[in-house]
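K.L.:
Okay, here's the structure, questions in a sec.
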């Protein structure tokens with residue numbers, strides 16, 4: 001057998017190899033159809049929902065201000081619904097204002113009512129200060 005005969009045999013086998021390869025590729029695609037569909041869906045979703053700096057600036061600029069509710073009002077910006085949660089905070093420590101004989105649910109509210117600083121009320125309740133601007137406060141413990 002010469003070199004020329006071998007080349008002609010390979011040329012005859014080439015279409016058969018291509019058909020076999022195509023059949024294996026078709027079978028692979030059929031076996032992994034779900035994986036490719038999920039990947040395509042994720043790719044399309046990522047493209048559609050990609051972060052857009054302009055859209056982010058609009059969301060931050062147009063967000064509603066604190067209304068004291070658990071959820072702020074919804075907005076629709078560029079077909080995106082924005083729902084922002086408001087931090088409720090801790091209930092605070094019960095505080096007694098001695099001069100007025102009033103209980104407050106938190107040191108901040110007691111300070112606001114007395115017209116003194118919150119840190120001063122806290123220091124008074126913790127025993128660091130005796131009074132704040134002539135006002136006395138006593139710690140009432142945790143409110144639950």
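The values are calculated or read from the model by the stated rules, or taken from the named source; none is laboratory data. This is a predicted model, so every value here is computed, not measured. Backbone-built Cβ (ideal geometry, glycine too); neighbour counts: all protein chains shown.
K.L.:
List the helices (runs of 4 or more DSSP H) that sit entirely inside the range 28-144 and contain at least 1 residues that are at pLDDT 70 or above.
P.N.:
Those helices (runs of 4 or more DSSP H) span 33-48, 107-114, 118-125.
K.L.:
From the residues in the range 112-143 that are exposed (fewer than 11 other Cβ atoms within 10 Å of the Cβ) and in contact (Cβ under 8 Å) with a residue 40 or more places away in the chain, which one is nearest to residue 96 (Cα to Cα)?
P.N.:
Checking each candidate, the answer is 141.
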